[in-house]
Each structure stands twice: as C-alpha cells, then as structure tokens.
Amino acid sequence: LTQQLAAVGTYSDATTQDLTETVTWSSNELAAATVSNADGSRGLATGVGEGEATIAAALDGISGTALLEVSAAALVSLEVTPAAPSIARGRTQQMVATSTFTDASTRDLTGTVTWSSTAAAVASVSNAEGSRGLVTSLTVGETTLEATLGGLTVSAALTVTPAVLVSIAVTPTNPTIGIGTTQQLAAIGTYSDATTLDLTMTATWSSSVVATATVSNAAGTRGLVTSVAAGVTRVTATSGAIVGTTDLTVDACHVTINEVAVAGPAGANDELVELYNGCAFSIDLKGWRLAYRAAAGGSDIAMASFAASTVMAPASFRLLAPGAYVGPGPVDVSFAATLGGGGGGVGLRDGIGAVGTLRDSVGWGTATNLFVEGTAVAAPSSTQSVSRFPADGTDTNRNSVDFHGVARTPRAPNL
C-alpha cells in the first residue's frame, strides 16, 4: 500500500505553507518503505516490507520526520475457480482458492481455506491434507461450493450432469476362430460413475481387414463376426467418440472329417462319420452341414446340418450315425444310412443351403467326385473305417495319404 505524506512549513511570523512539492524526501529504511521525489507524487510513501522507516522532509537545512510503520499485507479478497464448473457424475473437479492482498500480491490458499458443499448428496469436497478442494460428484444436480478463511466466504456454483461413457471393452479379448465360422462379440461400456452397460446392439462395428473377417451392423446380429480367410483383423466398436477394439485372428485350422465307416458289425447300415477339432480353439459348427456324394455323383445328398450353435472344443469329437449304428456313443447327430461301400465321399460344408464352402472332405474306393482330395483312400472293409493317421486331424488334403483302413474307434483317438 501507499501513504501520501505532507510537509507543512512554519515560518518566523507564525505563518504556514505546504512544502510537500518543494522539500526533499528520504527514507532511512528502504527495505521497509520508499518515498517519492518525483513531480506529481512527491511525499508518496510505498510500503515495501514489514518494519519501520523514518521518513524525512528537508528544505534549506530544516527537516521534519515521521515514523512510518509497515505492517504485513492484509487479505483483501478471495476468489474460487473455476467459477461455475460442470462435471459428469462420477468425475472429480479440483477447485482453487486464490487470495489477493493489500500489496496486490496473490497467493494460492486452496490448502488453507475450509471447503464445504451446500448439497453434499450432489457433490462432496475434501478438506483432507493433499486433496483439499477436490470435488467428487455423486448424483445429478446442483450445489454451491464454499471456501472460507477467517470471516471471508466465497462460493462457486457446481452442476453435476449425467454420467458419460469413458471406455468400451470388446469381448472376448483377442479371440481366434476358424475359417467359415462366426464369433459373437460384445461391447461393454463403462461410464464415469463406474456403471457399465451392454452397448453391443447400439455401437457401430467395423473390421479393419474385411478380407479376413466381416462384422455385422444389422439389427439383431450386431457384433457378429464372420470369418472369411486366414489372417488378423482389428474389430472396433464405436459409440460417439469412444472406441473399443479387439484383435481377431482367423486361423486356417478347421474341423476335419476324422473317420468314416460304410458298414459295421450290425451290417451295411451300421455306418458312422466322426468329426474332430484338432485346433487350439473352439469352433462353432452353426451353419455347417455334412453331405454325401456317390462315387461319381455330381450333386450333394444331405446327411446332417447344424442349424443351432454346436461348439466343438479343442481335441473333441462329434459322432454322426444312423439308427442302425452299434458302438460307443453317444451319437450327436443322426442321419439316414446312405454311404456306398465300394466308393463315395462325404464333405463338410460351411452353408446349410444347396451350396456352401467345402471345408473338408474324403473320398474312398472308386470315388471320383468333388469330395476326393488328391487320390481316394481305399474303401474300408465291413469291420473297418477309413481313419486319419498318423494322428487325429492330420490333413494334407490327400485322402490316400491322410487316411488308412483300420478298426473303428468312434469318439476315441484313431489307431
């Protein structure tokens, strides 16, 4: 602060005169106060630091003095910022209390003032060391935040808005599926108040490599991934500006036809077809079908279809057989006895309709149809099956190499 001093001279005839603009001013303690000799501000003392200074006014050998005491700067005002914050439910807001003193200096008093909220159910404000002034929103509404120091209180109006989406988790995380299969993904949103919501049917889905897999945005099937070819794609679920991703791998590994018997101990109709999942991941056969072709057949004869979800775990078997089948069970899917003993072929297609992508097949005996891979394996005897070897699931796409005739082992590792 400043203080204007005046110098009044008294003369020998008892008259007085204002000499403020004429005298020379000085301070004996410049660390406490200075005094101006500049035109227009002569005699203006400015406090510098706490203490005392003797201010002198001198003219023609005559001087007068005054003792000036400079006290500590006093608090003039207090301000809280931000002045009118708005935050989403569950989020926090750091408030700041700034003081202004008589010397025009400012000081951060956030950790000194006492904080309060007029509607503590809407938002609370901390007075704990290290977090003073930190507001935590609790429910939608409005409250007044107050900062008090001595007898001085200032406030700010706070609005708590509904919780906002902060992240999306796409699950399952980094799945692997086979070619021609599907995978339903889920998008779970987490909000600022820590609540979660299933956004699968409202998010916008995309695949970074549609040649590897596509993902549906159609009503009722949103988030359903359909594999196309081996590779990796990043599947993204977006809601507003928030994005969640998962990396999906399409593996060329597939369910194989592992064993075929065209007859058995119970006669010519004691047939079986065994499927095997030799992959390191589960495969859903939904939408797949098993078909038969006669030795020189030019069209599929339907044997069985998988209209519902049929998940095969790694290293698991699935047994298909007619009613005349005799052997270890259970039989998972029944079909009408139709396999030709001298030659024929079965194919596993991805697609329930008249056509579909051929995922695996085997032809035996005299077969020359589409289902023969390479060269047909020799037809099995009535007590044998054609079984993959040297291990279940072995597939080099050469029937005569991948299969041999051996005793039947339904629902068990091949011999």
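Throughout, read-outs are computed from the coordinates displayed, never taken from laboratory work. Computed from a prediction, not measured in an experiment: that's the story for all the values here. As a convention, Cβ positions derive from the backbone with ideal geometry for all residues, glycine included, and neighbour counts pool all protein chains shown.
Say we join alpha carbon atoms closer than 10 Å with springs in a Gaussian network model of the chain; which of Tyr11, Tyr276, Tyr325 then has the biggest fluctuation?
Highest fluctuation of the listed residues: Tyr11.
Given springs between every Cα pair under 10 Å in a Gaussian network model of the chain, which of Val140, Val243, Val35 has the largest fluctuation?
Ranking Val140, Val243, Val35 by mean-square fluctuation puts Val35 first.
Could you list Ile242, Ile179 so that the one with the fewest beta carbons within 10 Å of its beta carbon is first and the one with the most is last?
Details: Ile242 17, Ile179 20.
By the 10 Å Cβ count, ascending: Ile242, Ile179.
Excluding Leu75 itself, what net charge comes from residues whose Cβ is under 13 Å from its Cβ, given Lys and Arg +1 and Asp and Glu -1? Intermediate values should be presented prior to the final figure.
Numbers: positive: Arg107; negative: Glu79, Asp103.
Net of charged neighbours comes to -1.
Relative to the compact-globule scaling 2.2 N^0.38 Å, provide the ratio for the alpha-carbon radius of gyration of the stretch 256-407. Spell out each step's value before the answer.
Working: Rg = 13.9 Å, N = 152, 2.2 N^0.38 = 14.8 Å.
With N residues counted in the stretch 256-407, Rg over 2.2 N^0.38 Å equals 0.93.
Find, to one decimal place in angstroms, the Kirkwood hydrodynamic radius of the chain, where the mean of 1/r is taken over every pair of different Cα atoms and then inverted.
Values: mean 1/r = 0.0339 Å⁻¹.
So the Kirkwood estimate lands at 29.5 Å.
Under a GNM of the chain (C-alpha, springs under 10 Å), which listed residue has the highest mean-square fluctuation: Asp103, Asp270, Asp300?
Largest GNM mean-square fluctuation: Asp103.
Once label points are set 7 Å from the Cα along Cα→Cβ at both Leu59 and Ser400, what is their separation, rounded to one decimal in nm?
The modelled label-to-label distance comes out at 13.2 nm.
If I take every Cα pair under 8 Å that is 6 or more residues apart in the chain, average their sequence separation and divide by the length, what percent do I get for the relative contact order? Walk me through the numbers before you get to the answer.
On the way: 1135 pairs, mean separation 35.6, N = 415.
In percent, rounded to a whole number, it is 9.
Relative contact order for the stretch 256-407: what percent, with Cα pairs under 8 Å and sequence separation of 6 or more? Mind showing how you got there, number by number?
Numbers: 428 pairs, mean separation 38.9, N = 152.
Normalised by residue count, the contact order of the stretch 256-407 is 26 percent.
Once fully extended, how much extra length lies between Leu415 and Ser239, figured as 0.36 nm per residue of separation less the alpha-carbon to alpha-carbon distance? Don't skip to the answer; put the middle values down first.
Values: separation 176, 0.36 × 176 = 63.36 nm, distance 5.34 nm.
Net length gain for the segment: 58.0 nm.
Throw me the Rg/Rh for the stretch 2-70, computed over C-alpha atoms with Kirkwood Rh, two decimals.
Details: Rg = 12.2 Å, Rh = 12.2 Å.
Ratio value, two decimals: 1.00.
Which values of log₁₀ I(q)/I(0), to two decimal places, follow from the Debye formula for the stretch 140-218 at q = 0.10, 0.15 Å⁻¹ with a uniform point scatterer at every Cα?
Treating every Cα as an identical point scatterer, log10 I(q)/I(0) equals -0.47, -0.70.
What does the C-alpha gyration tensor say about the overall shape of the stretch 75-161? Classify as rounded when a/c is under 1.5, otherwise prolate if a/b is larger than b/c, or oblate. Walk me through the intermediate numbers first.
Working: a/c = 2.25, a/b = 2.02, b/c = 1.11.
Taking the square roots of the gyration eigenvalues as a ≥ b ≥ c, the stretch 75-161 is prolate.
Evaluate E = 1/(1 + (r/R0)^6) for Ser382 and Ala313, where r is the Cβ-Cβ distance and R0 equals 25 Å; express this FRET efficiency to the nearest 0.05. Each step should come with its number before you reach the end.
Working: r = 32 Å, r/R0 = 1.29.
According to the calculation, E is roughly 0.20.
Please compute the Kirkwood hydrodynamic radius of the stretch 286-369 from all pairs of different C-alpha atoms, in Å with one decimal.
Values: mean 1/r = 0.0737 Å⁻¹.
It works out to 13.6 Å.
Once you have the alpha carbon radius of gyration of the stretch 158-265, what is it after dividing by 2.2 N^0.38 Å, with N set to its residue count? All intermediate terms of the calculation are to be shown ahead of the outcome.
On the way: Rg = 18.4 Å, N = 108, 2.2 N^0.38 = 13.0 Å.
Expressed relative to 2.2 N^0.38 Å, the Cα Rg reads 1.41.
Multiply the residue gap between Ser36 and Gln4 by 0.36 nm, knock off their C-alpha separation, and tell me the result in nm, one decimal place.
On the way: separation 32, 0.36 × 32 = 11.52 nm, distance 0.95 nm.
Length gained between Ser36 and Gln4: 10.6 nm.
Which FRET efficiency value, to the nearest 0.05, do you get for Thr102 and Val232 by plugging their Cβ-Cβ distance into 1/(1 + (r/R0)^6) with R0 = 56 Å? Don't skip to the answer; put the middle values down first.
Details: r = 68 Å, r/R0 = 1.22.
It comes out at approximately 0.25.
Would you compute, from DSSP H runs of 4+ residues alone, the mean residue ellipticity of the chain at 222 nm, taking -39500 (n - 2.57) per run and dividing by the full residue count, rounded to the nearest 500?
On the way: 1 runs with 4 residues, N = 415.
Mean residue ellipticity, 222 nm, calculated: 0 deg cm²/dmol.
For the pair Thr112 and Glu52, what calculated FRET efficiency results from E = 1/(1 + (r/R0)^6), where r is the Cβ-Cβ distance and R0 = 30 Å, to the nearest 0.05? Before the final figure, lay out the partial values.
On the way: r = 28 Å, r/R0 = 0.95.
Taking R0 as 30 Å, the efficiency between Glu52 and Thr112 is 0.60.
Around Trp115, under 15 Å between beta carbons, what's the net of Lys plus Arg minus Asp minus Glu among the other residues? Please list the in-between numbers first.
Details: positive: Arg132; negative: Glu79, Asp108, Glu129, Glu146.
Local charge sum for Trp115: -3.
What are the equivalent ellipsoid semi-axes of the stretch 85-133, built from the alpha-carbon gyration tensor (square roots of five times its eigenvalues), in whole angstrom, biggest first?
After diagonalising the Cα gyration tensor, the semi-axes are 25, 12, 10 Å.
Find the relative contact order for the stretch 112-235 and round it to a whole percent, using C-alpha pairs within less than 8 Å whose residues are 6+ positions apart. Walk me through the intermediate numbers first.
Details: 251 pairs, mean separation 20.5, N = 124.
Across the stretch 112-235, relative contact order equals 17 percent.
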